[in-house]
Amino acid sequence: MEKTKTLKATIGLPQAVALYIGAVLGSGVLLVPGLAAEIAGPASLLAWGLMTLLVLPMALTMGLLAAKFPSAGGVSHFVSRAFGERAGTVIGWFFLMSVPIGAPVAALTGAGYLTVAMGWGETARIGIAVLMLLAGLLTNLLGMKIAGGVQVAVVAAIIAVLVLAIAGAAPNIEARHFTPFLPNGWISVGQAAAILFWCFIGWEAVSHLSEEFVDPEREAVKGVTIAAVIVGVLYFCTALAAVGTHTYGSAGLSEASLALVIEGILGKSGVYVAGFTGVFICTATIIAYVGATSRLAYALASKGEAPRPLAIRSEKHGTPLGGLGFLALCFAVVLTLYASGAMSLSTLIQFPNATFILTYLGGCAAAIRLLKGNRWGVGLSWLSFVLTALIFPFVGWAVLYPLLIMLLLFLAERMKKTSR
């Protein structure tokens, strides 16, 4: 029997589109176009074109599941329906323990763009990161109607800046920058595509908000389709601007290709615009993922698969207060570790890699089983599963993190049985 819905349904189509875009269009748009071009040269555009086409199957897989089985449990709920409660709980905890690290990393990344642009130091970077995380927590505490509205405004600003950069770069695109087209061989195109994969992950996050869609079938499928097209076009055109103006290849150029494109249009003030854009982009990602994770914590606790305090709900706003409190505590711990020098950003960023991929694999596997009868749905799910599985062997030592989570879950279950 499905549990009674207790989270308010306030997310309409515009908010759903903005949440999807915010979850996917992360800091990668500032970093990856130049890095991919450095690997494969102009041929990196082939990798972008391929991933732009493949992004729709990945997005629709999660959209179809959210439309058919709307739940705050998101991917965990889908996996539970397909493979049982235990599998769903494991996948749920993989996602639940990814964002407490991933969100601070996103905040520090966005804050880093602004502090470099303004010439500020590490203390300012941490302070800005704290404000970004607080913005994500507060907007989600006030409810998805407000969070969705904020997300629409933030995403609109991001799109405006990217369109400005793309349009402004067009007159500076030169044919000579496209030759030689394939300087590093065909294998470099595959290497570039592997990096680009990370720019298109995030569709699974919004599935946790599907219980709060006003019309899940409409918002999930139509919303994810519109968002996928917008994200794909923006990514490709940003990459085209970076390649066509050759803002990559030298020390520091590749990682700041978009900033350099904007600077070429607006002059020195363009650096400041790029800095604030980095903050906006990463804040949009934080809002989406904080919303998803707090709802998942609520769903798991409501089923007894997580500590009961995580099921506390704000009576005033109808939002998962316990989950947001859990995230706030985790954010404080992670930022303290970073500020003390105990862990670097490059180390922190590796922890959620394996858990994010395993979460997505679990969702795709569930879709293969749950979408039976929908030939297109099953085909899209298989394609998404295979593409994601090809990436997993490259996570390296980060696989230890999900193994640790599984060990802790096993010990918690044994302790629960012993206490009965």
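Below, the figures for the structure above:
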read-out	value
Single residue of segment 354-381 satisfying the filter (more than 19 Å from ALA87 (Cα to Cα) and assigned to a helix (DSSP H, G or I)) that is least open to solvent (accessible area, probe 1.4 Å)	GLY377
Failed condition for LEU300, given (1) more than 27 Å from ALA153 (Cβ to Cβ); (2) under 18 Å from the mean Cα position of the chain (by Cα)	(2)
Members of segment 69-104 that are surrounded by 24 or more Cβ atoms within 10 Å (Cβ to Cβ) and of a type in the set (A, V, I, L, M)	ALA72, VAL75, VAL79, ILE91, LEU96, VAL99, ALA103
Residues of segment 89-105 that turn out to be under 15 Å from ALA328 (Cα atoms) and in a helix (DSSP H, G or I), as a count	8
Conditions (1) open to solvent by 20 Å² or more (accessible area, probe 1.4 Å); (2) at pLDDT below 80; number of the one not met by THR179	(2)
Residues being open to solvent by 70 Å² or more (accessible area, probe 1.4 Å), within 23 Å of the chain's Cα centre (by Cα) and free of Cβ contacts under 8 Å to residues at least 60 places away in the same chain - total across segment 303-332	1
Flag if ALA193 is surrounded by 24 or more Cβ atoms within 10 Å (Cβ to Cβ) and of a type in the set (Gly, Ala, Ser)	no
Neighbours by Cβ (under 7 Å, 6+ apart or cross-chain): first from segment 154-168, over 16 Å from GLY275 (Cβ atoms) and in contact (Cβ under 8 Å) with a residue 24 or more places away in the chain; second surrounded by 14 or more Cβ atoms within 10 Å (Cβ to Cβ) and not aliphatic (A, V, I, L, M)	VAL155/GLY22; ILE166/CYS237; ILE166/THR238
Test: residue in segment 143-165 that is at pLDDT 80 or above, of a type outside the set (Val, Ile, Thr) and outside any helix (DSSP H, G or I)	no
Pairs, first closer than 16 Å to ARG295 by Cα in segment 207-223, second crowded, with 22+ Cβ neighbours inside 10 Å and among the acidic types (Asp, Glu), C-beta under 8 Å, six or more apart	SER210/GLU219; PHE213/GLU219
Pairs with Cβ under 6 Å, 6+ apart, first in segment 398-410 and under 18 Å from GLY102 (Cα atoms), second open to solvent by 30 Å² or more (accessible area, probe 1.4 Å) and assigned to a helix (DSSP H, G or I)	ALA398/ASN353; TYR401/PHE351; PRO402/LEU358; ILE405/TRP93
Members of segment 43-87 that are on the phi > 0 side of the Ramachandran plot and without any contact (Cβ under 8 Å) to a residue 12 or more places away in the chain	GLY84
Filtered residues of segment 58-72 (kept if among the hydroxyl-bearing types (Ser, Thr, Tyr) and not in a helix (DSSP H, G or I))	SER71
Test: PHE410 is farther than 21 Å from SER76 by Cα, open to solvent by 60 Å² or more (accessible area, probe 1.4 Å) and assigned to a helix (DSSP H, G or I)	no
Tabulated pairs, segment 358-369, first touching a residue at least 24 places away in the same chain (Cβ under 8 Å) and within 18 Å of PHE394 (Cβ to Cβ), second open to solvent by 30 Å² or more (accessible area, probe 1.4 Å) and small (Gly, Ala, Ser), C-beta under 8 angstrom, 6+ apart or interchain	LEU361/ALA389
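The values are calculated or read from the model by the stated rules, or taken from the named source; none is laboratory data. These figures come from a predicted structure and were not determined experimentally. Because the Cβ atoms are built from the backbone with ideal geometry, glycine has one as well, and the counts that use them run over all protein chains shown. The protein model used for the area step is the full one, side chains on, heavy atoms only, and it has no ligands, DNA or RNA in it. Shrake-Rupley method; radii C 1.70, N 1.55, O 1.52, S 1.80 Å.
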